[in-house]
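The values are calculated or read from the model by the stated rules, or taken from the named source; none is laboratory data. Worth saying up front: this structure is predicted, and the values here are computed from it rather than measured. Note that each Cβ is placed from the backbone with ideal geometry, even for glycine, and that neighbours are counted across all protein chains shown. Side chains are part of the model used for accessible areas, which takes the heavy atoms of the whole protein and leaves out ligands, DNA and RNA. Shrake-Rupley method; radii C 1.70, N 1.55, O 1.52, S 1.80 Å.
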Amino acid sequence: MARIKNQAWSYNAGERGTNWCRAYEKSKGGIILLEWFEDALDEQGQPCRNSETGTVIKVRRRESVGHRDRDKAEQAAKDKAKALLSESSTARVTSLRQLLNRYLKEVTPTKQQSKQLRDPRSVRVFLAYLQDRANAGEKERGPERHPSTLDSKDWTGFIAARAAGTITGWKRQCRNNQIRDDLKFLVAVLNWASAADETEPHFLQLNPWRAERRRAQKMRMPKEKDPQRPGISDEQHDALMRHSPNWRFALVAVLCRETLHRANSVRQLRKQDVDRKRGRITWPGQYDKAGRRLVTPLSPEAEEALDSMPTPTVLSPWLIPSEQDPGKPVSRAVLNNWMQQAKKAAGVEEERVGFHAYKRAGVRTEAFGQFRDKLREHLTGTTAETLREVYDDVTYEELAEAMELLRKSRRRA
């Protein structure tokens with residue numbers, strides 16, 4: 001906004017308290033400067049706060065635009081205000097796109113590596129879906145809308161589009177498990193945006209997809225009606241071992257089978273976690289899905305597999321280091337690729353038979369089912385509830401045996 005006549009020109013962009021920026025002439029017709037406020041930072045790069053109020057201290061900044069063109073200076077003020085809006089820790093969120101990008105910047109880096117890779121993909125999926133809605137004539141449902149406007153139609157529409165594979169750039173049809181993961185991600189973003197404490201901005205007053213609203217409007221998470229969770233047989237394991245691509249693959253497979261732990265926990269074992277003298281493995285909590293530090297014994301088969309490891313030519317803290325970078329553990333993607341190669345070579349055609357099938361097979365044995373819940377949790381690093389809901393299974397042989405028992409009991413009656 002320009003000042004009254006005969007005064008030096010100035011223009012204000014943005015909003016005071018968040019992303020205000022002013023372009024102004026130092027003297028009438030003189031050189032033009034930009035002026036704005038930004039957070040004062042300490043030596044560690046963290047915002048400085050007032051000791052009494054706890055609010056972030058602001059400092060005034062100025063710089064010359066290097067010319068006297070008012071139109072260009074006005075645009076420079078707008079650009080600076082836009083940059084301040086995306087960088088400021090107290091700026092209000094004005095769109096879904098801005099909220100998602102802010103989450104990637106502030107929250108995703110604090111997560112485990114696998115989640116850091118998955119979060120950007122989920123953001124791209126949602127933005128593509130919302131842009132499709134806008135391109136179809138529903139601009140009010142595009143990515144530039146405010147996050148508080150999300151409703152049940154967005155929920156059901158996303159599920160339908162993701163399942164049918166109609167989202168631009170994401171044409172593969174998805175199973176319910178993948179769709180549920182995408183929805184859980186956005187719910188987590190909305191929870192984060194609406195759950196700030198008194199010293200942080202409230203990006204949202206209420207989460208539009210909060211649990212009580214989802215229940216009231218019957219916004220249910222999609223579930224697999226008949227999920228495929230096969231275990232691996234002894235014959236399949238022997239075939240995979242005969243066609244093992246290398247010692248890393250074989251060691252991960254054997255340890256998954258013997259310890260009943262996930263491949264992601266096995267691959268991130270450090271050498272110091274395996275105590276050969278005492279015959280035990282320590283599972284660090286930061287790499288375990290349940291987040292607990294557990295200690296389990298080594299079986300003779302696991303010790304034999306460890307004995308077959310080649311002598312390392314490069315020092316590494318990891319038990320199973322990456323081939324390319326010994327400073328990192330072997331990656332999940334590489335292990336999965338090796339599993340597909342071994343299955344193809346061994347003629348194992350059953351879908352979803354992978355490293356996790358070792359855990360399923362062990363959990364479903366008769367002996368394991370007789371252990372008390374606490375013992376089962378410590379052996380596997382999985383809660384008793386999850387073991388019952390996810391890993392418990394009914395085989396055809398069990399059904400046939402049950403039917404026979406019922407038939408005999410009716411005859412005796």
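Values for this structure:
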{"quantity": "Per-region count, the range 344-353, residues in contact (Cβ under 8 Å) with a residue 40 or more places away in the chain and either under 21 Å from Val266 (Cα atoms) or part of a loop (DSSP other than H, G, I, E, B) (or both)", "calculated": "6"}
{"quantity": "Residue satisfying condition, being open to solvent by less than 80 Å² (accessible area, probe 1.4 Å) and over 30 Å from Ala216 (Cα atoms), within set Pro143, Pro147, Pro109", "calculated": "Pro109"}
{"quantity": "Flag if Arg293 is modelled with pLDDT of 90 or more and among the basic types (Lys, Arg)", "calculated": "no"}
{"quantity": "Residue tally, condition out of contact with any Phe, Trp or Tyr (no Cβ under 8 Å at 6 or more places or on another chain), touching a residue at least 60 places away in the same chain (Cβ under 8 Å), assigned to a loop (DSSP other than H, G, I, E, B) and open to solvent by 80 Å² or more (accessible area, probe 1.4 Å), over the range 304-337", "calculated": "1"}
{"quantity": "3 or more residues among the small types (Gly, Ala, Ser): qualifying helices (runs of 4 or more DSSP H) within the range 362-413", "calculated": "396-412"}
{"quantity": "Top-ranked residue in the range 22-46 [being modelled with pLDDT under 90 and open to solvent by less than 50 Å² (accessible area, probe 1.4 Å); ranked as farthest from Ala8 (Cα to Cα)]", "calculated": "Gly45"}
{"quantity": "Subset of the range 210-237 that is assigned to a helix (DSSP H, G or I) and surrounded by 12 or more Cβ atoms within 10 Å (Cβ to Cβ) - its residue that is nearest to the chain's Cα centre (by Cα)", "calculated": "Arg214"}
{"quantity": "Matching residues, the range 159-173, being of a type in the set (A, V, I, L, M, F, W, C), surrounded by 13 or more Cβ atoms within 10 Å (Cβ to Cβ) and assigned to a helix (DSSP H, G or I)", "calculated": "Ile159, Ala161, Ala163"}
